[in-house]
Amino acid sequence: MKRIILSTLLVASSGALIGQTSASTPASRSEPAVPVTLGQSVIALTGPWKFHIGDNPRWADPGLDDSGWQPYELMPGDSPLTPDQITRSAELPGWQHYGHPGYTGYAWYRIRLQLPRNLPSLALLMPQDVDDAYEVYVNGSKIGGFGNLKGWQLIYMGQPQIFALPAAALGSGQPVTLALRFWSSRNEAAPAEHNLDGGLRGLPVIGPSSLLRILEQSERQQTWQSQRQTRVDLLVAALYVAVGFISLFLFLFSRGQKEYPWAGISLTGFGAMIVFIVLAALQQTMIPAQLCALATAAAYQLAVFAMPLAAMYLLSVPRPLWRRADYLVAALNLAWVVQNEGLSLGLFPPTASMLRIRAVTEWLAIPLLACLLLAIAVDGVRTIGRRAWLPMTPGMLFAVYCNLYLLYSFGIIKGSFLFLSLISACVPIAVLIIFLMRFTWQQRENVRLADDMRQAREVQQLMIPEKSPRVSWLEIENEYLPAREVGGDFFQIIPVAADDGVLVVAGDVTGHGLQAGMLVAMLVGAIRTESAHTSDPVKILKALNARLYGREHAQATCLVLRIESGGNATLANAGHLPPYLNGRPLEMEGALPLGMMDGAEFSVMRFRLSESDRLVMISDGVVEARNSSRELFGFERTAAISTQSAREIARAAQRFGQSDDITVLTLALTPKLETVTA
């Protein structure tokens, strides 16, 4: 229906005359204007216009003598025009084509119209294609604008705009002066094809508001219909962003898989970049072009920086070399983005040399990025073999898309860009499939590891006594607080039946988790085996050292204490913290931990416990406890509480901030009961 109404409009070129007066002084006489008959019709204002570069607020004055201004025809010889010609008159030559090559900044257009008396309403429809922002004046009064020309100029990608003419101008019967103040951004001066930029690039139209609204909607509809690719791009962008957020969400459940966050950042960056480009073209009354350009540049920078990191972790080759190379490529891309946006915002001069520098930076950054991704792919194939081909699928699809896009851009391949969009959409889909497969596999592995940890914990609980054995002449307390499900501390309290003595062994293996738990299980088994043959602390340490030496990542600190029923004690140490006797650490010579050296020697000391003495053995989890300020519990605090019970010492360190396994053993001779006689 809109097309039928549009075809009935009577459209003619404006034959309005412009007052022939001076550009610097108000006109002293009123020049006649060509009468314009407006009923159910619209008028395309092709000219004759008057044009002047520069800026002066007085140039909106209807009495200005503009006889010295440059005559300006938007479409010479094209009159009358059809509705399609009006709505499709896009990318007309700008002022750079009409004698002002390379000029940017402010300029003015003026035209004088003789309108019929007492029109009910009349409006001006400004074209979609303009460079870059403008204000509209009728008889010296501003009636609207597009963009911001005050202070920091804000520009938008063009949209047709309707401005109602003031009633005073319509009812006076006098000639109406229409003035357009334009501003063209500095980057429009860059050497471009045919040098056509600047000012009006489409046809202003005057007529009844209802008819102009039909023209405006038709132009918008034609623009939208001609941008089917844009709608497809929005769908592709949504797909990129959705898969990016899914990748970031998966990282919450698999924090060890660093490919998830980097892939999420890269995909979200590419999706956001497409969205901002589309917004720049379709929603410019809401978002300035400069903001869209900066947001697009930031999204692009994040995307290309995260892409090699995602590939590096996805292919299991997290090498410092690739990380440093990524920093170099990111720096080159940043330099290119800064130059590109600096030119767009007018911060850099749009000279031919500046454009060459930008082109060189671009042609360095993009090939280096491609070479880096290729090198990571080759390294991945060499490292994990055939398993690398599946995670390489998104990268190969992206490479195909980039190469086809270049061939299409240079005109080497003809066809629809929809095929390119389909290939581009396959990239996030491939990433999603791979990540869901990896996540499912990882969850199965997590279940298996959790089951292994549970079994290891059960084994460890059997080996570490929950209660101390009863010894008539010795009071023993113990407290064990593992930092994880499976701890690396161990202790054994073994009565020696031969002479009613007690053997106490305490230690700490390197590492945490399942590996440390298995090492603890081996050591506890070895302690029980050796204690069946000897109660000599040194011999036990030597046997444990022989068990650990030569194994990879198998070291442990250990104390072995033998106490006789009378209080005589022998202590052998292999790199463990010395015990505290009555609040003071025993002074022992240092020694290497177990497993460090074959045939290692260990420090040994002999002493005697009396009934008033209290011996405390602790693991380094007490001393190395840290609070929220990263402050250590330390030796002074440990010494200050070393006369308390094992439970109080362990809980104090835990409350301070446990970061390692905590083990505390306290030993004291049982007081002898004296017989009371009557």
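The values are calculated or read from the model by the stated rules, or taken from the named source; none is laboratory data. These numbers come from a predicted model, not from an experiment. We place every Cβ from the backbone using ideal geometry, glycine too, and count neighbours over all the protein chains shown. Just so you know, the surface numbers come from the protein's heavy atoms only, side chains and all, with ligands and any DNA or RNA stripped out. Shrake-Rupley method; radii C 1.70, N 1.55, O 1.52, S 1.80 Å.
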### Task
Classify the range 561-609 as rounded, prolate or oblate from the Cα gyration tensor: take a ≥ b ≥ c as the square roots of its eigenvalues, call it rounded if a/c is under 1.5, otherwise prolate when a/b beats b/c and oblate if not.
oblate
### Message
Projecting each Cα onto the charge dipole of the range 489-554 (Lys/Arg +1, Asp/Glu -1 at the beta carbon, about the Cα centre), which of G525, G507, V496 comes out farthest on the positive side?
### Response
G525
### Query
How much of the calculated P(r) for the range 243-377 lies past 20 Å, in percent of all Cα pairs?
53 percent
### Message
Whole angstrom only: what separates the Cα centroid of the range 387-449 from the Cα centroid of the range 488-555?
### Response
54 Å
### Query
To the nearest 10 square angstrom, how much accessible area does F633 have with a 1.4 angstrom probe?
10 Å²
### Message
Suppose accessible area is computed on protein heavy atoms with a 1.4 Å probe; arrange I274, I527 from highest to lowest.
### Response
I274, I527
### Task
Mind ranking 439-451, 581-593 by how tightly packed they are, going by the mean number of other C-beta atoms within 10 angstrom, highest first?
581-593, 439-451
### Query
In whole Å, what is the distance between the alpha-carbon centres of the range 652-670 and the range 148-208?
80 Å
### Task
Using the Cα centre as the reference, give the magnitude of the dipole from point charges on the C-beta atoms of the range 570-678 (Lys, Arg: +1; Asp, Glu: -1; all else neutral), rounded to the nearest 20 debye.
400 debye
### Query
Assuming a viscosity of 1.567 mPa s and a temperature of 4 °C, what translational diffusion coefficient in µm² per second does Stokes-Einstein assign to the range 532-580, Rh being the Kirkwood radius over Cα pairs?
108 µm²/s
### Task
Check each of the trypsin sites (Lys or Arg not before Pro) in the range 514-587 and keep only those in coil by DSSP with at most 13 other C-beta atoms within 10 angstrom; list them in order.
R551
### Task
Quick one: compute a quarter of the convex hull surface over the Cα atoms of the range 315-365 and quote it in nm².
4.2 nm²
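Charges only on Cβ, +1 for Lys and Arg, -1 for Asp and Glu: so what's the dipole of the range 543-624 about the Cα centre, in debye to the nearest 20?
Result for the range 543-624 is approximately 200 debye, rounded to the nearest 20.
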